1. Is there a residue in the stretch 34-47 that is among the small types (G, A, S), surrounded by 13 or more Cβ atoms within 10 Å (Cβ to Cβ) and either modelled with pLDDT under 95 or farther than 17 Å from E2 by Cβ (or both)?
2. How many residues, within the stretch 57-74, are surrounded by 14 or more Cβ atoms within 10 Å (Cβ to Cβ) and under 17 Å from W32 (Cα atoms)?
3. So which residues in the stretch 17-43 are assigned to a helix (DSSP H, G or I) and either in contact with a His (Cβ under 9 Å, 6 or more places away or on another chain) or charged (D, E, K, R) (or both)?
4. Kindly indicate whether any position in the stretch 9-25 is surrounded by fewer than 16 Cβ atoms within 10 Å (Cβ to Cβ), closer than 13 Å to H65 by Cβ and at pLDDT 95 or above.
Amino acid sequence: MEEVKKIFFEVFPTLSEEGFDWDNSQQKYENWDSFAHLQLITMAEEKFNIKISVEEATSIITARHLLDLITSHT
């Protein structure tokens, strides 16, 4: 869990510990655009040595979704 959280803090450097919520949707993040989404996917793939499909990538709308997806691949 902590490693996924670290990815979010890297992609969103202005995110505070208090502002992080596993269930916040993309709309709650000021800079969660297509580039940030790609960074999340790429960093998760590299960190956990997994391959995320396009269908899986488009389903990620919260940190919990990313965590669940990573968990299903490991």
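1. Scanning the stretch 34-47 turns up at least one residue that is among the small types (G, A, S), surrounded by 13 or more Cβ atoms within 10 Å (Cβ to Cβ) and either modelled with pLDDT under 95 or farther than 17 Å from E2 by Cβ (or both).
2. 9
3. First, pick out the residues of the stretch 17-43 that are assigned to a helix (DSSP H, G or I): 26-28, 34-43.
Selection gives Q26, K28.
4. Within the stretch 9-25, one or more residues are surrounded by fewer than 16 Cβ atoms within 10 Å (Cβ to Cβ), closer than 13 Å to H65 by Cβ and at pLDDT 95 or above.
The values are calculated or read from the model by the stated rules, or taken from the named source; none is laboratory data. Being a predicted model, the structure only gives us computed values, none of them experimental. In this analysis, Cβ positions are derived from the backbone assuming ideal geometry, glycine residues included, and neighbour counts consider all displayed protein chains.
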